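First the structure, in the form of structure tokens, and then the observations on it.
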Amino acid sequence: MRLNVVGGGLAGSEAAWQAAQRGIEVILWEMRPRQMTPAHVSDKLAELVCSNSLGSDLPDRASGVLKAELRRLGSLLLACADETRVPAGGALAVGRERFAVLVTERLEAHPLITIRREEVTHVPEGATIIATGPLTSTALSEDIARLVGAEYLYFYDAIAPIVTRRSINMEIAFMASRYGRGDDEGGDYINCPMDKGQYDRFVEALISAERIELRDFEREDAHFFEGCLPIEVMARRGPDALVFGPLRPVGIVNPHTGQRPYAVVQLRQDDATGTLYNMVGFQTNLKWPEQRRVFSMIPGLERAEFVRLGQMHRNTFLNAPRLLRPTMQFRGRDNLFFAGQLAGVEGYIGSAATGLLAGINAARLLKGQTLWILPPETMLGALVHYICHADPEHFQPMKANFGLLPPLDVRVRERRRRCNSYAERAATALENFLREQPGEGIVR
């Protein structure tokens, strides 16, 4: 029994591991380093190309619930993330290089996984998982489009700049996490405070700054996904858009003044040693000289040393409601699965989660077992149910959120209690489901 997994990103890496753990021989295809993408910089599997944060790890957050489910199901990526985490308050952030190296080492060492460094230009015959992500190569994209008979949709992710820790002016900036979450030394984020005048001047400069001209494939009708919106696009929505978005000051007190800033730019540790920090929410498509000019207007970043500047890249996804089943199978071919952002989920953890489900179900298909459709009360079950049953005429990629879950039997008005109730119900639903799977045995 052999399974092809195409794509060595988060979804493909998780899918390959899950299938191999169930006794399936896996060929994992990854075109890097023979053919690179505009966003990747290494040949490592599961390389993170945007933020180094995998989202909230708090038990009363939707992302935290999804992570708890993945840990319960024996996720490789969550195990590696836990081993390489860096301080980030209530979020799970990792040292991106250590994380990718560890995932690569684990997959290379698995006796049932063979990694082939070649571009796949056609959908393989036989049992296959396609998890090539937002930067699926042109040749494979064209073949998938021919196979599914559906028009591809495009949107554009933008990655945020990274600055050196030593170049941040800590006489102005300060360490803090929202509402005091974080370590004992004051918090896990570096915060750059703004008063109203500084904020207004920054927004004006941001809106008027030059952006990189769209290339041929970046059509006039291209749309941006809300979860990774360029900061200059957000700023154009109105003068207060940023202060209610990534620059919101709620839960932050400036220790230099004892007051809450009018706006605050947060920077999150990006590497294990704490020498690099990325600008949270500052995905951008500004020209590089403009990024240096405008972002240096931020108090505390006057002399910032940028080791990576922002850029945009294409993202491609299927119209999942028309094409996929809740098992992650393609409706037109039982032994073909899709996973990750290509399948219509958003973010690192959603990608890993759908890869996990696709890997489990591909293995079960090859072994003649019933495929899993997870309960809608679980976060993963609800997420997959959504992408497979949403309105296909207006489908957008989705990330985990409590709004996807069925209503609670009893109405709970207080938000935290309500979220905790969702989390407890999800955990119970998953345990009940697993008890009904004879011989499954989650291998960690």
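Since every read-out is calculated from the coordinates, none of them should be taken as a lab result. For clarity, every value in this text was computed on a predicted model and none was experimentally measured. Cβ atoms come from the backbone with ideal geometry, glycine included; neighbour counts cover every protein chain shown.
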When 24, 231 are arranged by how many other beta-carbons sit within 10 Å of their Cβ, fewest first, they go 24, 231
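About its Cα centre, what dipole magnitude does the chain give when the only charges are +1 on Lys and Arg Cβ and -1 on Asp and Glu Cβ, stated in debye to the nearest 20?
Charge dipole, the chain, about its Cα centre: 640 debye, nearest 20.
Would you mind ranking 189, 262, 422 by Cβ crowding within 10 Å, fewest neighbours first? If you can, show how the numbers build up before the last one.
Values: 189 27, 262 16, 422 22.
Arranged by neighbour count, lowest to highest, 189, 262, 422 become 262, 422, 189.
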The chain: calculated mean residue ellipticity at 222 nm from DSSP helix runs of at least 4, using -39500 (n - 2.57): -9500 deg cm²/dmol
Phi-derived 3J(HN,Hα) across the stretch 245-260 with the Karplus relation (6.51, -1.76, 1.60, θ = phi - 60°), rounded Hz, x for Gly and Pro, is x, x, 9, 5, x, 4, x, 10, 10, 6, x, 6, 10, x, 10, 6
Contact order normalised by length for the chain, with contacts defined as Cα pairs under 8 Å and 6 or more residues apart; what percent is it? 22
Using the Cα centre as the reference, give the magnitude of the dipole from point charges on the C-beta atoms of the stretch 11-113 (Lys, Arg: +1; Asp, Glu: -1; all else neutral), rounded to the nearest 20 debye. 100
In Å, the Kirkwood hydrodynamic radius from C-alpha pairs for the stretch 1-112 sits at 14.6
In a GNM of the chain with a 10 Å cut-off on Cα contacts, which of 291, 35, 341 has the highest mean-square fluctuation? 35
Can you give the angle from 0 to 90° between the axis of helix 10-21 and the longest principal axis of the chain, with both taken from C-alpha atoms, to the nearest 10? 40
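Between residue 200 and residue 434, 0.36 nm times their residue separation minus their Cα-Cα distance comes to what?
78.9 nm
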Dipole axis of the stretch 309-425 (+1 Lys, Arg; -1 Asp, Glu on Cβ), positive-most option in 345, 311, 381: 381
